[in-house]
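Chemist: Structure provided below as structure tokens; questions to follow.
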Amino acid sequence: MLHDPNRVYVFDTTLRDGEQVPGCQLSTPEKIEIALALEALGVDVIEAGFPISSPGDFQSVVELSKAVREPIICALTRANRKDIDSAVAALQYAKRPRIHTGIGSSDMHIKYKFNSTREEILQRAVEAVKYAKQFVEDIEFFAEDAGRADNAFLAQMIEAVIAAGATVVNIPDTNGYCLPEQYGSKILYLKQNVQNIDQAIISVHCHNDLGLATANTLAGVINGARQIECTINGIGERAGNTALEEVAMVLKTHHALNLKTNINTKHFSEISAKVSRMMRMPVQPNKAIIGQNAFAHSSGIHQDGFLKHRENYEIINPEDVGIDAAGIILTARSGRHALKHHLERLGYVIEKINLDQVYEKFLLLADQKLEISDDDLLSLMSDGEEHTYKNGYKLNSLHVVCGDSALPVATVKLEHEGIEKEAKAEGNGPVNATIKAIESIIGKDIQLKEFTIQAMHGGSDDTSKVNMRVIFEERSYLGYGFSTDIVKASADAYLDALNKFL
């Protein structure tokens, strides 16, 4: 078989091995939705199911075969004719069908699972491949528990099934037992001792029982395997399968390996979320590549180094896996550089801010909360207890009178550069009166374009968040205010916007 020696084919078994996890079963329409996402991702093979196992699985393989155009559609069987007949029927509409058949190869499986002998197992393996080959050209053979199999017998089995017509030979570490060096040596042994090995692609299928699935898969590829079998998010029985996103990004990041896949890695974030949601399997926060913390920086030292030069603490660009940007998470361990980064992101001009005072207030708040959100920062910046802005306007007092008998009247005292000024104004509401009073002190032509009020949590005693957008000299500025008093929050939001340009 002629293949690009640097090309690694991606065999996704999310819909077969991944779906075997209790509670992760999918309906046929759900499987089709994930299969189409896998097609967009660029996988080469989709293992659609185990047709003989249930009528639902059979029908899913039928419908996936109709829906998917580019990837090979693969159906799993055991090494018997009934299983293979079911797979052939299920794959009748597949544009590029593959039958995946196999049997145990370790002495443990041969004795305790099949109560058989090496000779009988070898015969059953060859017969299954020959029978399947009558119906489908592309045949993959799996030597179950190859990780614990005797290498000499494994080589004998692989040579025999290739001679019988297998186009791909799968060497599974079924129980996640192998160390990377052991598994890599096993693949190399087959490359060197199976005479017809160049007529098939070696595939690696690793489980994560000892946390080594990705390492073993890479060891296999480095030693000559050219198909990797994996799942999105590493889901699968017990501790899971090799995570597709991990291996793909290792190969993309380590250019010296000179190995490539057809995967569009920018889809990883999207498909990870889809699989997690539809299979009801949360992704652990520290999961490599697609965990919510995979690109989050919390330590002050790391944040400072990252902001100075991204590659100091990131070897992968978040955009390469479909994430907009790395997260600088604000906690009590964050430094001034991280705080400055977020304030600038929220539209604050650092030169106008008393950053030292803001940082002191930030640390007091961060000691009380595990993580500081944007709203926390905005609230901090609108707090009038201290001068947030250098030479900014500070609200010293606000008094509003309103009711049914007359227009609301607001009395405002503002302090600016140590001088306090007072103004009184009427308006068609308490907020309008307050803004008019502030405007009379400021003396500038300012237009209020947007004004929104949002309850933060609910309840009559809730804190209100007020957003205001004002226009000054044809430029737009946003301001934020937080208070249990809506009028006070509005005054703070208006002054927050004004202080950004005055």
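Chemist: Is it the case, given these coordinates, that M157 is in contact with a helix residue (DSSP H, G or I) (Cβ under 7 Å, 6 or more places away or on another chain), of a type in the set (A, V, I, L, M) and open to solvent by 40 Å² or more (accessible area, probe 1.4 Å)? Quick ask: steps written out before the conclusion?
Modeler: Details: in contact with a helix residue (DSSP H, G or I) (Cβ under 7 Å, 6 or more places away or on another chain): yes; of a type in the set (A, V, I, L, M): yes; open to solvent by 40 Å² or more (accessible area, probe 1.4 Å): no.
Against the criterion (in contact with a helix residue (DSSP H, G or I) (Cβ under 7 Å, 6 or more places away or on another chain), of a type in the set (A, V, I, L, M) and open to solvent by 40 Å² or more (accessible area, probe 1.4 Å)), M157 does not qualify.
Chemist: Inspect all residues belonging to segment 241-249 and state whether any of them is assigned to a helix (DSSP H, G or I), closer than 20 Å to E127 by Cα and touching a residue at least 40 places away in the same chain (Cβ under 8 Å).
Modeler: As a first pass, look at segment 241-249 and keep what is assigned to a helix (DSSP H, G or I): 244-249.
Still in the list and also closer than 20 Å to E127 by Cα: none.
For segment 241-249, residues assigned to a helix (DSSP H, G or I), closer than 20 Å to E127 by Cα and touching a residue at least 40 places away in the same chain (Cβ under 8 Å): absent.
Chemist: Output the number of residues of segment 450-502 satisfying the condition of being modelled with pLDDT of 75 or more and outside any strand (DSSP E or B).
Modeler: Residues flagged as modelled with pLDDT of 75 or more and outside any strand (DSSP E or B) within segment 450-502 amount to 20.
Chemist: If S405 satisfies all but one of (1) surrounded by 15 or more Cβ atoms within 10 Å (Cβ to Cβ); (2) at pLDDT 70 or above; (3) more than 30 Å from K266 (Cα to Cα), what's the number of the condition it fails?
Modeler: (1)
Chemist: Go through I187, I202, I162 for me and flag whichever is under 15 Å from A146 (Cα atoms), free of Cβ contacts under 8 Å to residues at least 60 places away in the same chain and in a helix (DSSP H, G or I).
Modeler: Working: I202 fails: in a helix (DSSP H, G or I); I162 fails: under 15 Å from A146 (Cα atoms).
Answer to the selection: I187.
Chemist: While we're on this one: Please enumerate the residues belonging to segment 398-449 that are part of a strand (DSSP E or B) and among the small types (G, A, S). Quick ask: steps written out before the conclusion?
Modeler: So the first thing to find is which residues in segment 398-449 are part of a strand (DSSP E or B), and the list is 398-401, 409-416, 419-426, 447-449.
Answer for segment 398-449, where residues must be part of a strand (DSSP E or B) and among the small types (G, A, S): A410, A423, A425.
Yes/no matrix, rows are residues, columns are (1) more than 15 Å from the chain's Cα centre (by Cα); (2) among the basic types (K, R); (3) within 19 Å of C178 (Cα to Cα):
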position: I232; (1), (2), (3): no, no, no
position: A239; (1), (2), (3): yes, no, yes
position: V247; (1), (2), (3): no, no, yes
position: V250; (1), (2), (3): yes, no, no
position: N258; (1), (2), (3): yes, no, no
position: T261; (1), (2), (3): yes, no, no
position: V275; (1), (2), (3): no, no, no
position: M279; (1), (2), (3): no, no, no
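Chemist: Return the total of residues in segment 342-365 being in a helix (DSSP H, G or I), at pLDDT below 75 and under 28 Å from the mean Cα position of the chain (by Cα).
Modeler: Qualifying residue count for the region: 2.
Chemist: Oh, and also: Could you give every pair whose Cβ atoms fall below 7 Å, whose first residue belongs to segment 217-236 and is within 27 Å of K274 (Cα to Cα) and in the same structural domain as D17 (by the TED database), and whose second residue is open to solvent by 10 Å² or more (accessible area, probe 1.4 Å) and of a type in the set (A, V, I, L, M, F, W, C), counting only separations of at least 6 or pairs across chains?
Modeler: As it stands, the answer is L218/V250; Q227/I201; N233/M281; N233/V283; N233/I290; I235/V21; I235/M281; G236/V21, since those pairs meet every condition given.
Chemist: Moving on. Take R98 and tell me if it is of a type outside the set (D, E) and assigned to a loop (DSSP other than H, G, I, E, B). Working first, answer last.
Modeler: Working: of a type outside the set (D, E): yes; assigned to a loop (DSSP other than H, G, I, E, B): no.
When the stated conditions are applied, R98 does not pass them.
Chemist: Further question: Would you confirm, using the coordinates I've provided, whether T265 is among the hydroxyl-bearing types (S, T, Y) and either touching an Asp or Glu at 6+ places or on another chain (Cβ under 8 Å) or open to solvent by less than 20 Å² (accessible area, probe 1.4 Å) (or both)?
Modeler: Yes.
The values are calculated or read from the model by the stated rules, or taken from the named source; none is laboratory data. Since this is a predicted model, take the numbers as computed values, not measurements. Virtual Cβ from ideal backbone geometry, glycine too; neighbours counted across all protein chains shown. Please note that ligands, DNA and RNA were not included when accessible areas were found on the heavy atoms of the full protein model with its side chains. Shrake-Rupley method; radii C 1.70, N 1.55, O 1.52, S 1.80 Å.
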